[in-house]
Amino acid sequence: MKVTINAWADGASIPTKFAFGKIPAEGRFELSDNINPEISWSDAPAGTKSFAIICHDPDVPSSGEDVNQEGKTVPANLPRVDFYHWVLVDVPVDQSGIAEGADCSGVTPKGKTPGQQAHGITGINSYTDWFAGDADMGGEYGGYDGPCPPWNDSIMHHYHFTVYALDVETLGLSGSFTGAEALTAMTGHVLGKAAKMGTYTMNSTL
């Protein structure tokens, strides 16, 4: 099975237009274009009945105590956790890709409603938790929202776009399901998978 994202070479830096935040000319943070990249796949195993797409960053600080704090740096040895940027399941078996901007184009304050889309069913990404309690941004963030690692993190972040070929037409998920819940639902149903990775940082010194 093969996954193709032509916007960057595997392991290379993700262009800013696919990110939620970017390094501004002055200051620490600026909203970016937040467009989902075009992604396609081929050579799915025999018996495939649907696809799922998960994008996650395994490099997110396990503690937010020092995150984006002036005069502080998030240390490299801090334990890291998964942050989900795209949760999409029940992608029809006759579909072989998603166009650039089809799932997300721009930052939507308070998020996009998860659920049935033309290209599958979206769950919620981890910005839902990140912005919880924020009067301006709090809400459910469905579908894709791009990279925005801490601007004071000492390490580069890695974003894994994985396409799963599944032996069921539907995982039976609905509502505000998370990336972790989608992966649990896939257990025992994965016939094959393939991934593309890109890196991103908001730390100008990296």
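Listed conditions (1) modelled with pLDDT of 95 or more; (2) surrounded by fewer than 19 Cβ atoms within 10 Å (Cβ to Cβ) are all met by Leu206, apart from (1). The residues listed here are Val107, Val91; of these, the one that is surrounded by 13 or more Cβ atoms within 10 Å (Cβ to Cβ) and either in a strand (DSSP E or B) or among the basic types (Lys, Arg) (or both) is Val91.
Please work out which residue is farthest from Asn203 (Cα to Cα), limiting yourself to segment 67-78 and to residues that are in contact with a Pro (Cβ under 8 Å, 6 or more places away or on another chain) and surrounded by fewer than 21 Cβ atoms within 10 Å (Cβ to Cβ). Write out each step before concluding.
Within segment 67-78, the first condition is being in contact with a Pro (Cβ under 8 Å, 6 or more places away or on another chain), and the residues that meet it are 67-68, 74, 78.
Right, trim to surrounded by fewer than 21 Cβ atoms within 10 Å (Cβ to Cβ) and you get 67-68, 78.
Working: Val67: 12, Asn68: 10, Leu78: 17 Å.
In this case the residue turns out to be Leu78.
With respect to Ala165, determine if the residue is outside any loop (DSSP other than H, G, I, E, B) and hydrophobic (A, V, I, L, M, F, W, C). Yes: the conditions hold for Ala165.
The values are calculated or read from the model by the stated rules, or taken from the named source; none is laboratory data. Model, not experiment: these values are computed from the prediction. As a convention, Cβ positions derive from the backbone with ideal geometry for all residues, glycine included, and neighbour counts pool all protein chains shown.
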